[in-house]
Amino acid sequence: MFGRNSRYLIWGLFGCIGVVMIVYVAGRGGPCLEPWHTEILTAEFTAQKVDAIRSLDDYRHLEDKLFTQLEEQVYGRVGTGPAYALVRYSAGSAADPQRRNPNWNRSFELSTNSPVGGALLLHGMSDSPYSLRALGAALNQRNYWVIGLRLPGHGTAPSGLLNVKWEDMAAAVRLSMAHLASKVGQKPIHILGYSTGAPLALNFALDALEGKASPLPASLVLISPAIGLHPAAKLAGLMNGLSVIPGLGRFAWLSIEPEFDPFKYNSFATNAGIQVYRLTRDVARRIADRGRSGPRKNFPPTLVFQSAVDATVSTNALVDNFLKHLAPDGHELVLFDINRLAAKATLLINDPAPLSDRLMTDETLPFTVTLVTNESPQSRQVLARRKAPLSKVAAEIKRLDLSWPAEVISLSHVALPFPLDDPLYGQRLPEDDKVLFLGQMAIRGERGLLRISSDWLLRLRYNPFYDYLESRTLGWVDDAGGRQAFSITGRGS
């Protein structure tokens, strides 16, 4: 009969066949792919088109062609009527962004007659310029010339993320910064990056410091920055490779969800995860390489806002892969704690207290740490504890005129840039019940009834402390601009 090695070989063969069958079944199951998952829009900008697309105006003209393609290839294949009332790509539906003026999926520009500087807004992966529109409006009111850039692959259909590369996004950032420089001259230009927009901002700043791009940003404001991801992100490359096998096309998607959000994709392409991983790894490597010769000096003053709990990015990586490598010359991390009144330790899977305690007592950290937390475990009122660089104790404690909503236990990765009154993601239902609202919804019933995941319903989508985030951002940008003006002219602005 068979020898021991032969039996192992046979069992190993059966095991491999079993794995292949499981993978094949998994790749063929699940929701059907819709036109917005499969149609490829060829008018999208890529880094290879820079010879033809040389300015932001060229980029926006190409964007017009892109949205015409979207209308023809996606909207034209989707039905209308009551059955499609919440389908984003059904013309005239409640979720159709084309009903809204402006359509915040497109790049936008907010000009001013006497600009004091410029600001470039970079949204996150699968998002749109809508995510930073509130901050953009606040900056424009202070006479900043503002560009909200639609990054390549975004604002159209989830299929736009199947082939996009982070280098395409970086090329669009360079066009936007050059455009801002043409509008504001030598006045300071700032970059605000949300989620994946944050490493894109860091990539540009590093290029500018190395003489590969210009101008050097006067400051950076990073919100929920994607600096470090879960190690499982490495597996996205394997999944994407399997997607080319006939019948396994669904492996090109980490999630396939109904599309009812007018300004964000609910479905997430595997390639999108790959590009975030490639970008964050490249930025972390460049920062670490420069850190080996000593703290990174002359880096643009950087203000970071981060939730102590974030299911998308790693706060530890933000500190260890970026902030710890900077010189102590004007950088700050603002960390939003969980609601200590509502969060009972016995119900928490992972209490972020050890992280915040470490940051607030580590005297080696070369950046300011501000912890926004409950005044006490018995109060919903919040205060800000501020610890200076290379210090072991908080030197300043400021009571804020803010408090936790009773129903909110923490912030989330997606919540930080949205104010309480955001008409789509905010705290209160709009008075017009015909207006689509995706904010705080109290939906109760039996599980398994809705196509929307419980994770989606539970995740907070607005920031109860947005006013604090906005005021800190405006102050940071104003101060950094003043410092740059002084260094250029030898006098105050």
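List of remarks:
- Every Cα-Cα pair in the stretch 286-443 was counted, and those over 29 Å apart are 27% of them.
- Summarising the strand pairing of the stretch 329-475, around 70 percent of its internal DSSP beta bridges are antiparallel.
- Share of Cα-Cα pairs in the stretch 34-176 lying beyond 26 Å, as whole percent: 27 percent
- Cα-only radius of gyration and Dmax that characterise the stretch 288-353, units Å: 15.1, 45
- Span from the the stretch 256-291 Cα centroid across to the the stretch 87-145 one, whole angstrom: 20 Å
- Modelled spin-label separation between GLN378 and LEU348, with each label point placed 7 Å from Cα along the Cα-to-Cβ direction: 2.0 nm.
- Amide N proximity, the stretch 77-93 versus CYS32 label position 7 Å along Cα-to-Cβ, cut-off under 18 Å: 77-91
- DSSP-defined antiparallel bridges as percent of all bridges, the stretch 105-166, nearest 5: 35 percent
- The slack in the chain from ASP289 to ALA43, taken as 0.36 nm per residue of separation less the alpha-carbon distance, amounts to 84.8 nm.
- Ranked by how many other beta carbons lie within 10 Å on average, peptides 202-208, 322-328 from highest: 202-208, 322-328
- Summed residue charge, Cβ within 13 Å of GLU470's Cβ, Lys/Arg positive, Asp/Glu negative: -1
- For the stretch 345-428, GluC sites (Glu not before Pro) are listed when DSSP marks them as loop and at most 13 other Cβ atoms sit within 10 Å of their Cβ; the list is GLU363, GLU407.
- Whole-Å semi-axes of the stretch 386-451's equivalent ellipsoid (Cα gyration tensor): 35, 16, 11
- Packing here is the average count of other Cβ atoms within 10 Å per residue, and on that basis the peptides 76-82, 262-268, 33-39, highest first, run 262-268, 33-39, 76-82.
- Protection proxy ranking of 42-55, 84-97, 180-193, 146-159 - average other beta-carbon atoms within 10 Å, highest first: 146-159, 180-193, 84-97, 42-55
Readers should treat all values here as calculations from the given coordinates under stated rules, not as data from a laboratory. Owing to the predicted nature of the structure, the values given are computational and were not obtained by experimental measurement. Positions of Cβ are generated from backbone atoms using ideal geometry, with glycine treated the same way; all protein chains shown enter the neighbour counts.
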